[in-house]
Amino acid sequence: MADPHVADPRATGARAAHPRAGIRIEGLRKRYGTGDTAVDALRHVDLEVAAGEVVGLIGPSGSGKSTLLKCLGAVIEPSAGRMTLDERVIYDDAWKIRDLRALRRDSIGFVFQAPYLIPFLDATDNVALLPMLAGRPNGESRERAREMLRALDVEHRAAAMPSQLSGGEQQRIAIARALVNRPPVILADEPTAPLDSERALAVIRILHEMARQYRTAVIVVTHDEKVIPTFRRIYQIRDGRTHEQVGEGRAFR
Amino acid sequence: MISLAGRDVLQSWGKFVFTGIGLGLLIGATLTMAGVYRGMVDDARVLLGSSGTDLWVVQLNTLGPYAEASSLYDDTWRGIASMPGVARAANVTYQTMQVRGGGRDVRSMVVGVVSGGPGEPGQPGHLVAGRHLTRGHYEAVADVATGFRLGDTIGIRRNDYTIVGLTRRMVSSSGDPMIFIPLKDAQQAQFLKDNDAIVRQRRRTAENPAFDLPGAPGVLDAVLASQSINPYVNAVLAQLAPGHAAEDVAAQIRRWKRLQVYTQSQMEEILIGKLIATSARQIGLFLVILAIVSAAIVAFIIYTLTVAKIREIAVLKLIGTKNGTISSMILQQALGLGVIGILVGKIAATLWAPVFPRNVVLDTGDAARALVAVLVLCVLASAVAIRAALRIDPAEAVGG
């Protein structure tokens, strides 16, 4: 049965799916500080998410989830290891990419616990901002933004300011923003935390649909017991190490 | 690219505009202070220009008559008038006092001039109503700033005067409006004591054995008579004959009359460079303080607006916004505040300047300089906020 919250991909004008390799992480380590006071936040992380796949990342507080997310998001520099994005090595014991800002802008989508929309931009411009930052013309950027809003079934709220949107609508706009530059990977940090069960599942469903539609690898950090069963694969992180588990992959009803 | 600064301002325009208005009122006060100084300079120039005078002859080694007390015998003008190059010369007195009229006191500078028509040295150049002084006693020409009207009766010391003419922009360096009265009346007003004092002075003189000589009975009467008149004036104003240079004629008077002589440019230097120099320094200090306060306000407001957007800025940085774009957003807002401030300040100063008791001259050049200064201050003030914004770690947008 078609998901009422997700528009037909053909109607969005999304570009044809192309082969993508997703993200691969091997032996990633992150150490804070030096000497006796050094703390190993990540000891050995192996993780692989294929294009179009959504995986869960779970673990207790202090286990290193946020550190891993920051390393994946090119916000902090790992101490060692290797990261590959769409078969492009971006980190191999050192950054292989000179412009991390452009990497974040073009290749990584972020969805946060709170939507963190820019409060002084309407829904369309919140989404269009990313292509504009990438140097695309305003008109084209807004067209892409509207396309994403249509895909996420919030096109009717295109002119609304964030303060006029419900929590669920804001989160969809945030997902649209994360997707608008067609990044190969999306990092979602507790995206369902502030939402009730129905809306939480709707957001996860959208992420699954968008991952399939745009061949995007999606990593969802979550504590939410309601959404964990929806993942086919789950990475549990304990003491800075990842342990892969097979999830239920429960279908949406 | 979207104007992030513009959108942010539109979103919270109330806060922005009211801050701009507050800043504008401060800038308005700054422009007004500058206008007060300009007004003082302007008044000084008008005072010199409208007196119809080329040379001010005053007591030797004084800066009189405006900056220092000066005293000359009232027949000095005859010798000066006969000097080569002098077309006309006339006595003048100046005294600041309270002038009664219409049931109130008006602080005024009373100027004693020789009665005559326009063009006489010391006479006000232009009248806005009535006529010049033509009689020798008991009539006056007042500046409109005194509030007196034609036909009003005013009291100066023990005599009453009728206002026969009104002039405009004739004020002293202190900003007191001028009242012109006949010279003899002005000399008397400077000198005249009350009756009791006159009686006591006569008695004291009569008791003096040096004046009560048996062989010379007229000495005491002569001395008493000399004490009853005031043969002094404060300055002699002279007009040059065509073809004569002011400095040449002044040099001749200095040499032969042994008096101090100032040309128009020298008197202007005394009025502006010396007499209002302290006021100018005070105003300058106020301008510096107001500039610092304005900069502090802009810095505080921009910093507050920026700090309130820490999370948004972190998100912007995380999604790839360049530091330059974020700095530009903050800078544009600071400059926007400055522009609003200047506009409001200029309008406010224009509206309230006429209410000031002193002449306030709002110079367009001052407004342009203020605009540049405010924009520079805004740039400097935004530096703190920009620094804070650039120090925001994009990792703050990511949980944990």
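Quick note: the coordinates plus some simple rules give every number you see, no bench work behind them. Because the structure is a prediction, the values reported are computed rather than measured. Backbone-built Cβ (ideal geometry, glycine too); neighbour counts: all protein chains shown.
Angle, helix B:277-307 long axis vs. longest principal axis of chain B, Cα atoms, 0 to 90°, nearest 10?
Taking Cα atoms only, the helix is inclined about 10 degrees.
How big is the dipole moment of segment B:34-124 about its Cα centre under a simple scheme where the beta carbon of each Lys and Arg is +1, that of each Asp and Glu is -1, and everything else is neutral? Debye, nearest 20, please.
220 debye
Where does each of A:V218, A:V45 land when they are ranked from fewest to most other beta-carbon atoms within 10 angstrom?
Listed from fewest to most nearby Cβ atoms, that is A:V45, A:V218.
Measuring from centroid to centroid over Cα atoms, what is the spacing of segment B:312-376 and segment B:83-115 in Å?
The two parts, judged by their Cα centres, are 47 Å apart.
As a test of the formula, what do you get for chain B when each DSSP H run with n ≥ 4 contributes -39,500 (n - 2.57) and the sum is divided by the residue count, at 222 nm and rounded to the nearest 500 deg cm²/dmol?
When only DSSP H runs of four or more count, the value is -16500 deg cm²/dmol.
Straight-line reach from B:K317: which aspartates and glutamates have Cα under 15 Å away, leaving out those fewer than 8 places along the same chain?
Correct list for B:K317: A:D99, A:D106, B:D393, B:E396.
Where in chain A lies the longest segment free of GluC sites (Glu not before Pro) that are both loop residues by DSSP (not H, G, I, E, B) and have at most 16 other Cβ atoms within 10 Å?
In chain A, the maximal stretch lacking such sites is A:88-224.
Going by alpha carbons, how many degrees (0 to 90, nearest 10) lie between the helix axis of B:13-50 and the longest principal axis of chain B?
Taking the Cα atoms of chain B, the angle to B:13-50 is about 20 degrees.
Expressed as an acute angle from 0 to 90° and rounded to the nearest 10, what is the orientation of the C-alpha long axis of helix A:138-151 relative to the principal long axis of chain A?
The helix A:138-151 is inclined about 90 degrees to chain A.
Any chance you could run the full-extension gain for B:D363 through B:V288? It's 0.36 nm times the residue separation minus the Cα-Cα distance, nm to one decimal.
25.2 nm
Can you give me the Cα centroid spacing of segment A:69-137 and segment B:231-272 in angstrom?
81 Å
Given the pairs A:K70/B:K15; B:K322/B:K346; B:K184/B:K257; A:K65/B:K15; A:K96/B:K309; A:K30/B:K322, which span a C-alpha to C-alpha distance of over 29 angstrom in this model?
Flagged as over cut-off: A:K70/B:K15; B:K322/B:K346; A:K65/B:K15; A:K96/B:K309.
Listing B:V111, A:V185 from the residue with the fewest other Cβ atoms within 10 Å to the one with the most, what is the order?
If I rank by nearby Cβ atoms, fewest first, I get A:V185, B:V111.
From the residues B:I181, B:Q11, B:P214, which one has its Cα farthest along the dipole of the protein assembly as shown in the positive direction, the dipole being from +1 and -1 charges on Cβ of Lys/Arg and Asp/Glu about the Cα centre?
B:Q11
Can you pull the one-decimal nm distance between simple spin-label points at A:T34 and B:T153, each 7 Å off the Cα toward Cβ?
Inter-label distance under the simple model: 9.8 nm.
Within segment A:169-253, what percent of beta bridges assigned by DSSP are antiparallel, to the nearest 5?
Around 55 percent antiparallel, to the nearest 5.
Compute the distance in nm between two label points, each set 7 Å from the Cα along the Cα-to-Cβ direction, one at A:A134 and one at A:S61.
Placing both labels 7 Å along Cα→Cβ, they lie 3.7 nm apart.
Order these by the 10 Å Cβ neighbour count, fewest first: B:C378, A:C71.
A:C71, B:C378
Considering only DSSP beta bridges with both partners in the protein assembly as shown, what is the antiparallel share in %, to the nearest 5?
The answer is about 70 percent antiparallel.
Determine the shielding of peptide A:72-80 by partner chains: average, over its residues, the number of Cβ atoms on other chains within 10 angstrom of each Cβ.
2
For B:R311 and B:V379, FRET efficiency with R0 = 35 Å and r from the beta-carbon atoms, rounded to 0.05?
0.85
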